[in-house]
Amino acid sequence: MHLGMEPALHLLEWLLGVSTSWPQRSMKNFRLTIGDGPILAAAIHAGHELRPKIAQQIALDDATRLREEDPFTDELAELAPSHIVGCRSRFEVDLNRSRDQAVYRRPQDSWGLVVWRDELSPSIIVQSWALYDLFYATVHTVLQQLIYQNGRIVVLDVHSYNHRREWHDCVDDEADSPEINIGTGSMDRSAWEPVVDRVIADLRQYKVSGHCLDVRENVKFYGGHFPQWINATFPGEACAIALEFKKTFMDEWTGELDRPQFCKLQAALSAIFPGILETLATTKPGHMALSDGALRPAQ
């Protein structure tokens, strides 16, 4: 027997320890909005906040942290009817890594950066893991209900990446730095080929600043743990695609946003939604059964 949406909401309230009005729940750790239809977008690296004990321990300045986070991706994810946005910095807990690697401990975990003033205490790590478990338990329940309502769903895992790592004027080779990298390395590509191909085709047709977007698959990124977990947990029912936007829409060293350029990318992302809906409707009509299994956070 499957829960309807309202009982599931009560479960979410119990999990999150909040009681607020539907359809939007805002909380310190992440923001969740559920709308109509089978598309959900996530911006799990958009956050910059740190809880006080983490803030006391961190050795990085705000600018360095921001450069490795994905600022403004929340404004991309929020274009989808349903979306979830991380409020916490990935330096507190990285929701796109496996649980045992979600807290950076060594420089090799974090692009060579020395993140902490002193070694983290076990209690701090456990608290970060608790946030991780809460996130995955919540997403599991939400995806179950979206699948129950829609049959199949598409999750767009939105990120951004640096292309001037050395300094402002030192640009990465464009041969391996597409404007949008589509990560499909964690899915059964053949099962979702019509959806993935449509997403890529619609993005490539969109013109930004006088040229069609350079959109390529699995060039720099294949997709992290979050889409991998979704695709493994809901095979045949949820298609999680990672979208990595090159930071052409901002100065990655100062954090300054180029709003006109960013608006064009927002329009490009919005333009793929009708194609996703059409492809889901025409390639697999009808309602599919919900994945079996009780609520279970990622381990």
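The values are calculated or read from the model by the stated rules, or taken from the named source; none is laboratory data. Please read these numbers as outputs of a predicted model, since none were measured by experiment. FYI the Cβ positions are ideal-geometry reconstructions off the backbone, even for glycines, and counts take in every protein chain you see.
Among the numbered conditions (1) surrounded by 14 or more Cβ atoms within 10 Å (Cβ to Cβ); (2) part of a loop (DSSP other than H, G, I, E, B); (3) at pLDDT below 95, the only one that E13 does not meet is (2).
Picking from A55, A59, A63, which residue would you name as being at pLDDT below 95, surrounded by fewer than 19 Cβ atoms within 10 Å (Cβ to Cβ), at negative phi and of a type in the set (G, A, S)? Break it down into steps so the answer makes sense when it comes.
Details: A55 fails: at pLDDT below 95; A59 fails: at pLDDT below 95.
So the residue among A55, A59, A63 that is at pLDDT below 95, surrounded by fewer than 19 Cβ atoms within 10 Å (Cβ to Cβ), at negative phi and of a type in the set (G, A, S) is A63.
Candidates in region 184-222 are the residues that are more than 21 Å from T279 (Cα to Cα) and of a type in the set (F, W, Y); of these, the one that is surrounded by the most Cβ atoms within 10 Å (Cβ to Cβ) is Y222.
Could you list, in sequence order, all residues of region 30-52 that are surrounded by 24 or more Cβ atoms within 10 Å (Cβ to Cβ), assigned to a loop (DSSP other than H, G, I, E, B) and touching a residue at least 60 places away in the same chain (Cβ under 8 Å)? Full working, then the answer.
So in region 30-52, the residues surrounded by 24 or more Cβ atoms within 10 Å (Cβ to Cβ) come out as 30, 40-47.
Adding the requirement that they be assigned to a loop (DSSP other than H, G, I, E, B) leaves 44-47.
Matches in region 30-52: I44, H45.
List every residue pair whose Cβ atoms lie under 9 Å apart, where the two residues are 6 or more positions apart in sequence or sit on different chains, the first residue falls within region 139-157 and is among the basic types (K, R) and assigned to a helix (DSSP H, G or I), and the second residue, located anywhere, is at pLDDT below 95 and buried (at least 21 other Cβ atoms within 10 Å of the Cβ). Here the result reads none, with nothing in region 139-157 linked to a residue that is at pLDDT below 95 and buried (at least 21 other Cβ atoms within 10 Å of the Cβ). Cβ-Cβ distances below 7 Å connect the following pairs, each with a first residue in region 83-95 that is surrounded by fewer than 22 Cβ atoms within 10 Å (Cβ to Cβ), a second residue that is of a type in the set (K, R), and a separation of six or more residues or different chains: C87/K28; C87/R31.
Here's the yes/no breakdown for (1) small (G, A, S); (2) at pLDDT below 95; (3) farther than 21 Å from I58 by Cβ; (4) in contact with a strand residue (DSSP E or B) (Cβ under 8 Å, 6 or more places away or on another chain):
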{"residue": "E78", "(1), (2), (3), (4)": "no, no, yes, yes"}
{"residue": "S110", "(1), (2), (3), (4)": "yes, yes, no, no"}
{"residue": "I125", "(1), (2), (3), (4)": "no, no, no, no"}
{"residue": "W129", "(1), (2), (3), (4)": "no, no, no, no"}
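When restricted to residues that are in a loop (DSSP other than H, G, I, E, B) and over 14 Å from E68 (Cα atoms), region 98-125 contains 10.
Report the residue count in region 234-274 for those that are among the aliphatic types (A, V, I, L, M), within 18 Å of the chain's Cα centre (by Cα) and assigned to a loop (DSSP other than H, G, I, E, B).
To start, the set of residues in region 234-274 that are among the aliphatic types (A, V, I, L, M) comprises 238, 240-243, 250, 257, 265, 267-269, 271-272.
Now narrow it down to the ones that are within 18 Å of the chain's Cα centre (by Cα): 238, 240-243, 265, 268-269, 272.
Next cut, assigned to a loop (DSSP other than H, G, I, E, B) only: 272.
So the count comes out to 1.
With respect to the conditions (1) within 19 Å of H45 (Cβ to Cβ); (2) part of a helix (DSSP H, G or I); (3) aliphatic (A, V, I, L, M), L280 falls short on a single one, namely (1). Within region 185-197, residues that are at pLDDT below 90 reach partners that are part of a loop (DSSP other than H, G, I, E, B) and crowded, with 20+ Cβ neighbours inside 10 Å with beta carbons closer than 7 Å, at six or more positions or on different chains, in the pairs S186/G223. Tell me yes or no: at least one residue of region 203-220 is more than 21 Å from Q266 (Cα to Cα) and in contact with a helix residue (DSSP H, G or I) (Cβ under 9 Å, 6 or more places away or on another chain). Looking through region 203-220, at least one residue is more than 21 Å from Q266 (Cα to Cα) and in contact with a helix residue (DSSP H, G or I) (Cβ under 9 Å, 6 or more places away or on another chain).
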